[in-house]
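In what follows, a single structure is set out as C-alpha cells and then discussed.
The values are calculated or read from the model by the stated rules, or taken from the named source; none is laboratory data. Keep in mind the model is a prediction, meaning the values are calculated, not measured. Heads up, the Cβs are rebuilt from the backbone with ideal geometry, glycines too, and the neighbour counts pull from every protein chain shown. The protein model used for the area step is the full one, side chains on, heavy atoms only, and it has no ligands, DNA or RNA in it. Shrake-Rupley method; radii C 1.70, N 1.55, O 1.52, S 1.80 Å.
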Amino acid sequence: MRKVLLTMALLAIVRFVSAQDMTQAYQNWYTYFGTMKLNNKWAVPFDVQLRIRDGISNKGQLLMRGGLQYSLTKQDHILLGYAYVPTYNGISNTWLPEQRIFEQYIHKAKKIDMTHRVRLEQRWVAQPSKPGNAHAIGDWKYGNRARYFNRTQLAIKHKKETTPFYVALQDEIFLNLWGNDISNLLFDQNRFLAAFGYQFNTKLKADIGYMNQLIQVTSGAKTMNHILHFSVFHTMDL
C-alpha cells in the first residue's frame, strides 16, 4: 500500500513540474455511476457525466455510457458496452458526437479496496465540416484505444474505529493503438484523482476531489486540465 501511495505521489510531482510548458485549463465534472444488479452473475453498470469547461461558464462534454457485465468470480468481471459522447466544438459552434463500443475486464483485490480495470475501445469520432457547409459533421474518424485504471479507497479511522469517511486515489492512462485515424501518437491522456468521500450505506457513496488530466492531441501539443470532480456511486437490486 505504501508503495502505491508513494508511486502516485511521485507521479503527481513529475506532472506538476512538467506542466510549465503546457496549456492550462479549468473544468468541473459532475458524474453519476450506477450499477443495476440483475442477479448474482449479471449486472448493468452505467454512468452519466457532465464536463463543463472554464469552471462553470462554458460548454464542454456530455458522456452517457452503459454495458452488460458478467461476474466470473466475486473479484473478476467482464463487460461489453456502448458510449455516446457529444463534445462541444467552439470553432464550428456545434456539438460533435463520438460513438464507442468497448470491452473491459475488472479485478478487485481481496484484502484492500483496490480496483484494476483494463478497457479496449473502438471509437468513431465526428469531425467538423468545412466552413460554409450546411452540415455540422464533415466526416468520421475511427480509432482503437486501450485504458488502464486503478482506484484505491482508504477508510478513515477514528480511535481505531472505521468511520463513513474515506480517501480515494485513482489513476488512468489512455493509449492509442493500431488502425487509429484519430491520432498517430501512442500517448493519449492520463487522469489522476485524489478525492474525499462519504459512505452513506453499502449501496451509496459520494466523493469530491481534484483531478489532473493531461491530454496530448495529434500535433503533440499538450493541455493540463485542473478539474473539480464530483462523483456519486449507486448500486441497485432488481
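For the range 28-50, indicate whether the set of residues that are open to solvent by 30 Å² or more (accessible area, probe 1.4 Å), free of Cβ contacts under 8 Å to residues at least 60 places away in the same chain and more than 19 Å from K203 (Cβ to Cβ) is non-empty. Yes, that holds for at least one residue. Candidates G179, G220: the one that is under 21 Å from P97 (Cα atoms), among the small types (G, A, S) and either surrounded by fewer than 18 Cβ atoms within 10 Å (Cβ to Cβ) or over 18 Å from the mean Cα position of the chain (by Cα) (or both) is G179. Out of I91, I112, one residue alone is outside any strand (DSSP E or B) and closer than 18 Å to K59 by Cα. It is I91.
Which of the residues spanning the range 57-105 are open to solvent by 60 Å² or more (accessible area, probe 1.4 Å), among the aromatic types (F, W, Y) and under 21 Å from G34 (Cβ atoms)? Correct list: Y70, Y82, Y84, Y105.
One residue alone among D207, D181, D237 is among the charged types (D, E, K, R) and at pLDDT 95 or above, and that residue is D207.
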